[in-house]
Structures are given as C-alpha cells and as structure tokens.
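Take a look at the structure set out below.
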Amino acid sequence: MTVSPNAPRSPIFAANWKMNSGPSEARTFMRVFLTRYARRPDRTVLIFPPALSLAAVRDALRERTDILTGVQNIHWEAKGAFTGEISAPIAADAGATHVLVGHSERRHVFGETDEQTAKKCAAAVAAGLVPMLCVGEKLEERERGETETVVVRQLRAGLAALSNAQIADVLIAYEPVWAIGTGRTATPADASAVHVAIRAELQNVAGEHGRAIPILYGGSVNAQNVRSLLDAKGVDGVLVGGASLDAEGWATIVRS
Ligand code: 13P
C-alpha cells in the first residue's frame, strides 16, 4: 500500500493503545468502531495496537483500507538474536505501515536514547514504514524553561540518520510528558507555541522538505478537548492514549 501521509493537510487521528487490548478485545473494538465511523476523505485514522493484536485489527480492516495501522516500537536491527524484539521488516510483513519511535514511555520507562531513536527511524524508513517520531519535555524541563531546547534536541537527533527527502515522509508527535495519562492537557496556545517551534526546526533541518510534515499533539486528548486542540495553529492531528481504548469514545473523537 502506498502511504502518503503528507499529501492533503487533513487532520490525523492516531490511537496508541499502549499495553492494552489483546486480539479478542481488539476484534470487539473494531466491530463497534467500524459501525460508528464511516469512511471520510477529510481525515486519516491510524491505530497502533499491541503487536500481537495487529493481525486482529488488520483482519477487521479488509474492507476499510482508509484506516492505517502501525506498531508501537521496533528494534533497529533487521533480524538476529534479540529475544523479545520486533524488527521493522517483521512489522511491515505483518501489515504495519507506521511505527511509533521514541514515545516518552520508551524514553523514560525503558531508557531509550536519542541515538536509538535515530537508528529506529532509519530502520523504519529502510523497511518502508513511516516513523512517527515522538518528542516532548518533562515537567521539570518545562519549569526550567527548556521545552524548546529539549524538543529541538530530540527532533534533530531522531532525524539525524535520514536524508531531507526521507524526512519529508515522517510524522512528528509532540507529547509533553507531564500531559500523558495525567488528565492535564497543554492549552491550545501552549501546544501551538511548541508546534510552531517544531515546524521552524523541521524547515531548518530539511528546508522545503520540512514544510508539510504533519505534527500531531498528544497528552490527555479526549472528546471534550480535541476540537480546540485541532483548531490550534500548527496542530495537524492528535495522538491519543487512554481515550482511544473505548470504541464509542474513539469514534466520537475521530468524527469531531
Ligand atoms: P494519554 O492520551 O493517555 O494521555 O496518552 C497519550 C500518549 O502517550 C499517546 O501516545
């Protein structure tokens, strides 16, 4: 399947299920969600289930090629003795078109480094997957006024191994760590300020190729706040955790 995430500037709604919903739950979710969300040309829907539930989600999408799927993490090596890991070619073979890279839980729970995110982005692109590079500052970094410094560092490092033309096809998610799973959302103005800085840096790094890269906001997005966040300048979509786990609720968000 050809994926061209940057073609129309329509909002992207991405669900990150994290470590929730096995294949049975995933099947039930998809049955309900697909009845509540009819195909719409003016938005892109993307689901990141646990890798073991990817097949169940994809089975449900046979008639709904408008909805894209991805995995939440990959290893940077293509194959080998890395017990428990999933490579980009394996994810692509299983039907994933996208992959989250550098999610804050990977960085702060599992100690993933900037260098590793660069290797993962490169491995994803080499396997034909679209990486969604996640960046975001911790609360103490925001309080010290370091938000932009941290985000720009993560961005530059994560994209370091890609050519400008390859950078044009990535997705970026700005997820302030203090807003993830806390019920505390960045205000549209706060999100906007960081998105504008990210856009400037993308153009700094990749010139014209950085102009249309979608930048999603994530962190306690729900049906009540999604509209105001999507209306904020520079916000091209949302990456949703907790509120994407309920099929009806997710359909409400995606239809907003
Ligand atoms: P919540 O929507 O649960 O805050 O999670 C955000 C997130 O980390 C999505 O990747």
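The values are calculated or read from the model by the stated rules, or taken from the named source; none is laboratory data. The structure presented is a predicted model; accordingly, all values stated were derived computationally and were not measured. A quick note on method: Cβ atoms are made from the backbone with ideal geometry, for glycine too, and the neighbour counts reach across all protein chains shown. Note: areas computed on protein heavy atoms with side chains; ligands, DNA, RNA excluded. Shrake-Rupley method; radii C 1.70, N 1.55, O 1.52, S 1.80 Å.
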Just the residues that are open to solvent by 20 Å² or more (accessible area, probe 1.4 Å) and at pLDDT 95 or above, please, taken from the range 1-20. PRO11, LYS18, MET19, ASN20
Kindly provide the set of residues from the range 206-220 that are within 16 Å of the ligand (Cβ to nearest atom) and farther than 15 Å from PRO131 by Cα, ordered by number. TYR217, GLY218, GLY219, SER220
How many residues does the range 216-256 contain that are part of a helix (DSSP H, G or I) and among the β-branched types (Val, Ile, Thr)? 4
Could you tell me whether the range 68-76 includes any residue that is open to solvent by 30 Å² or more (accessible area, probe 1.4 Å) and without any contact (Cβ under 8 Å) to a residue 24 or more places away in the chain? no
From ALA55, ALA51, ALA60, ALA38, which residue is open to solvent by 10 Å² or more (accessible area, probe 1.4 Å), touching a Lys or Arg at 6+ places or on another chain (Cβ under 8 Å) and modelled with pLDDT of 95 or more? ALA60
